[in-house]
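Laboratory data are not the source of any read-out in this text; all were calculated from the coordinates shown. Just so we're clear, the structure is a prediction, and the values are computed from it rather than from any experiment. Neighbour counts run over all protein chains shown; Cβ positions are idealised from the backbone, glycine included.
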Amino acid sequence: MVNRLFATALVTVSTTARTRIWSRIDRQVMSDAAVLPGVYVKILLYRNPHLTNVYVHRYYAMYDFAGLGIK
């Protein structure tokens, strides 16, 4: 249905009619859209006591491996 409406909108000359078609496309796409729940991953980060310069990156919630060092 969306493909057919899209093809129709591309060849429609009237701005008002074309706007109505795009609105129908928007409503149809939103009604067909699947919603996937976000998943929060819980992991344990083990810090070896021989590591230096250990930094947990806030965005990735894991160690910043580029800055790790060894005692």
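Quick notes on this structure:
- Candidate set: segment 6-45, residues that are of a type in the set (Ser, Thr, Tyr) and part of a helix (DSSP H, G or I); chosen: the one surrounded by the most Cβ atoms within 10 Å (Cβ to Cβ): Thr8
- Residue among Asn48, Asn3, Asn53 that is surrounded by fewer than 12 Cβ atoms within 10 Å (Cβ to Cβ) and in contact with a Leu (Cβ under 9 Å, 6 or more places away or on another chain): Asn53
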